[in-house]
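Have a look at the structure below before the remarks.
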Amino acid sequence: MRPIRLPEPPSPTMGMPEIFEGGAYNVVRRAVVIGNGSPGSENQSIGLVRALGLSGKHVLYRVTRPRGGVNEWLHWLPVSLHKKLDYLIRLIRIYFRGEKLVPLRSENGGVSVGLASVLEADVKHIVTMARETCEKDGPLLVVASGRDTISIASSIKCLASENVFVVQIQHPRSQLNRFDLVITPRHDFYPLTPQAQEQVPRFLHRWITPREPPDGHVVLTLGALHQIDSAALRSAAAAWHDEFAPLPKPLLVVNVGWPTRQCRYGADLAKQLTASLLSILTSCGTVQISFSSRTPEKVSKVIVKELADNPKIYIWDGQEPNPHMGHLAWADAFVITADSVSLISEACSTGKPVYVVGAERCKWKLLDFHKSLRERGVVRPFTGSEDIAESWSYPPLNDTAEAANRVREALAERGWSVRP
């Protein structure tokens with residue numbers, strides 16, 4: 001295995017003791033993460049908290065939506081209005097059908113309190129906690145990601161601005177000054193570019209968000225934030241040593257995601273991928289393939305049918321433990337479908353060769369994302385003519401650590417600091 005070339009995560013700035021810097025009231029030692037149940041969104045928030053040295057000193061709150069039945073048609077509504085409509089519908093059913101009123105079920109199945117639990121996001125509870133504990137425990141860092149978290153996070157800032165610092169990850173599609181800091185990929189501002197303006201009819205320009213350029217409290221990243229750093233990779237390398245160390249090298253890891261509105265594909269891409277993998281197989285020692293839980297069966301079936309019997313190829317069956325961290329630590333190169341910004345961002349943080357398949361099928365801001373990666377030299381298209389034994393490298397993407405530094409700078413401007 002080649003040495004991991006990731007830079008070390010930045011350590012907190014060493015300086016004068018707290019007593020000479022304004023006291024403990026200005027030191028952030030804890031965080032609240034507000035999620036929406038999406039692993040991709042929550043992983044970004046937790047990754048930022050980890051980079052700030054507050055891993056294990058945070059509580060995860062989650063915005064839950066009613067599920068099942070007509071609720072699947074109401075997901076486009078703001079979550080607060082969605083819950084009110086769901087409650088009204090259930091009252092109507094009680095009146096006409098005699099059904100019992102069952103409380104909205106929490107996604108975590110309970111309301112236990114602690115770092116391992118997931119609590120229902122409640123503005124009043126978080127605001128009260130931030131105010132009442134600020135004198136003893138210092139101010140509270142609030143990190144949120146996902147559409148359903150926007151109103152919660154902005155309300156917390158509005159009601160407890162002196163006790164909290166609120167970071168919203170991903171463009172909130174609303175006024176950016178509702179948050180202390182916004183961290184978002186630069187391709188979220190693609191609608192402002194001349195290329196995007198040419199693709200949108202003029203009468204729709206005013207409706208395309210964002211409508212304003214980023215200002216000083218907006219941090220632009222190239223990819224998505226995540227939890228992968230040198231310490232995480234070293235730990236994973238040790239944990240997965242027995243499984244991956246004996247494998248013939250080079251090890252090629254293939255991650256297959258799922259079609260999205262901005263990157264549509266089906267069995268045709270699966271056939272293209274399998275043909276390319278068979279073409280480069282002679283230069284590989286081992287190929288390990290993983291599917292997302294949302295990979296369409298029409299895609300996975302083609303790949304399994306064509307490749308499952310090859311002795312060089314192992315296809316993960318989806319059973320725990322998930323080898324993803326082991327793959328990041330031990331792989332010599334990656335092939336990833338173009339739909340997944342998160343998987344590509346994680347792989348590019350290792351400094352190892354990353355090949356992308358299907359980028360030509362992407363459009364709008366996802367197409368801009370891949371263009372930026374290619375211009376920076378961190379990815380190459382997967383054509384089936386590659387020699388996996390010939391390695392190439394680049395300065396690893398370090399978006400999460402860089403974003404954490406910007407958070408520290410913003411806190412310092414307020415006279416605050418972060419201390420684990």
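Where a number appears in this text, it was derived from the coordinates with a stated rule and is not lab data. Note that this is a predicted model, so its numbers are computed, not measured. Every residue, glycine as well, gets a Cβ built from its backbone with ideal geometry; the counts of neighbours run over all protein chains shown.
The value of relative contact order for segment 163-319, using C-alpha pairs under 8 Å at least six residues apart, is 18 percent.
Over what distance in Å are the Cα centres of segment 260-330 and segment 356-399 separated? Each part's Cα centre sits 18 Å from the other's. For Val304 and Arg414, a Förster radius of 51 Å and the Cβ-Cβ distance give a FRET efficiency of 0.40, rounded to the nearest 0.05.
By DSSP, what percent of the beta bridges with both residues in segment 230-381 are antiparallel, rounded to the nearest 5? In segment 230-381, approximately 10 percent of DSSP beta bridges are antiparallel ones. The relative contact order of segment 230-381 comes to 30 percent, based on Cα pairs under 8 Å that sit 6 or more residues apart.
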